[in-house]
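This report concerns only the one structure given below.
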Amino acid sequence: MNKLPARWYFDVISPYAYLHFKRHKALNEILDIEYVPVLFAGLLKAWGTKGPAELPAKRTHTYRQCVWLAAQLEIPFLMPPRHPFNPLQVLRLLIARGCRPSDMEVVFDFIWGAGRDPETEGDALLEILGVVDSTAVIGEPAVKTQLLKNTAHAVARGVWGVPTFEIKGQLFWGLDTFDWMCAFIDEPTLFDTAGMRRADATGVGVERRQ
């Protein structure tokens, strides 16, 4: 059976990315996933939007929802002591090591499973990964450039948030689109219905003043 090519855009700063990643095992037999680290802050800047943690009421709601969702999915979850943190070094490290799912699992488990801070406890994370000297690895110009390219490519594809799956040119953003995405995999003409076409053609009514 030929697997369907897919891209998964993510940033370790997102608790939803962690929960989403934990569900990927159900997709391993049908998808050939390319893991693409991006800088969430870069997406927000490109689209002129704010992250959930930047809105006080939404911040609390988001963290509570993640705690509840993790319990429903039976996934270990513990908020790190502070959030948002700076994910830049971790993202570069993942890129330098080839975005291996095994590394990603270690990083996600460290941050969101054990509730540890990748900035203040960075040395402990490196030890678990078996990295002796990360400075030379993540400091490579090619690694820095790749993260920028990944983010720019994601924006060009229409990605506005993380986690996002791209399959056959269609984007599925967020943990709650998992079942919807699986339905699309099973039925590729899902977006060709009259209702979907009407949704696509919906015009803009009132625009909020900037």
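Per-residue answers, yes or no, for (1) without any contact (Cβ under 8 Å) to a residue 24 or more places away in the chain; (2) in contact with a Ser or Thr (Cβ under 6 Å, 6 or more places away or on another chain); (3) of a type in the set (Asp, Glu):
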| residue | (1), (2), (3) |
| --- | --- |
| Lys144 | no, no, no |
| Val162 | no, yes, no |
| Ile167 | no, no, no |
| Gly174 | no, no, no |
| Thr177 | yes, no, no |
| Met181 | yes, no, no |
Where Thr62 falls short, out of the listed (1) polar (S, T, N, Q); (2) part of a loop (DSSP other than H, G, I, E, B); (3) touching a helix residue (DSSP H, G or I) at 6+ places or on another chain (Cβ under 8 Å): (2)
Residue that is farthest from the chain's Cα centre (by Cα) [pool: residues in the stretch 158-184 that are aromatic (Phe, Trp, Tyr) and in a strand (DSSP E or B)]: Phe172
Residue selected from the stretch 1-19 under the condition of a type in the set (A, V, I, L, M, F, W, C) and under 18 Å from Thr177 (Cα atoms), by the criterion surrounded by the most Cβ atoms within 10 Å (Cβ to Cβ): Phe10
Identity of the residue in the stretch 20-49, among the basic types (Lys, Arg) and modelled with pLDDT of 95 or more, that ends up surrounded by the most Cβ atoms within 10 Å (Cβ to Cβ): Lys22
In the stretch 68-98, the residues that are closer than 16 Å to Leu125 by Cβ, outside any helix (DSSP H, G or I) and among the hydrophobic types (A, V, I, L, M, F, W, C): Leu78, Phe85
Criterion: in contact with a helix residue (DSSP H, G or I) (Cβ under 9 Å, 6 or more places away or on another chain) and of a type in the set (Ser, Thr, Tyr) - qualifying residue of Ser102, Ser134: Ser134
Meets criteria (surrounded by 16 or more Cβ atoms within 10 Å (Cβ to Cβ), outside any loop (DSSP other than H, G, I, E, B) and out of contact with any Cys (no Cβ under 8 Å at 6 or more places or on another chain)) for Val131: no
Test for Trp8: is it of a type outside the set (D, E, K, R) and in contact (Cβ under 8 Å) with a residue 24 or more places away in the chain: yes
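The values are calculated or read from the model by the stated rules, or taken from the named source; none is laboratory data. Since we're looking at a predicted model, the values are computed, not measured. Reconstructed Cβ throughout: ideal geometry from the backbone, glycine too, with neighbour counts over all protein chains shown.
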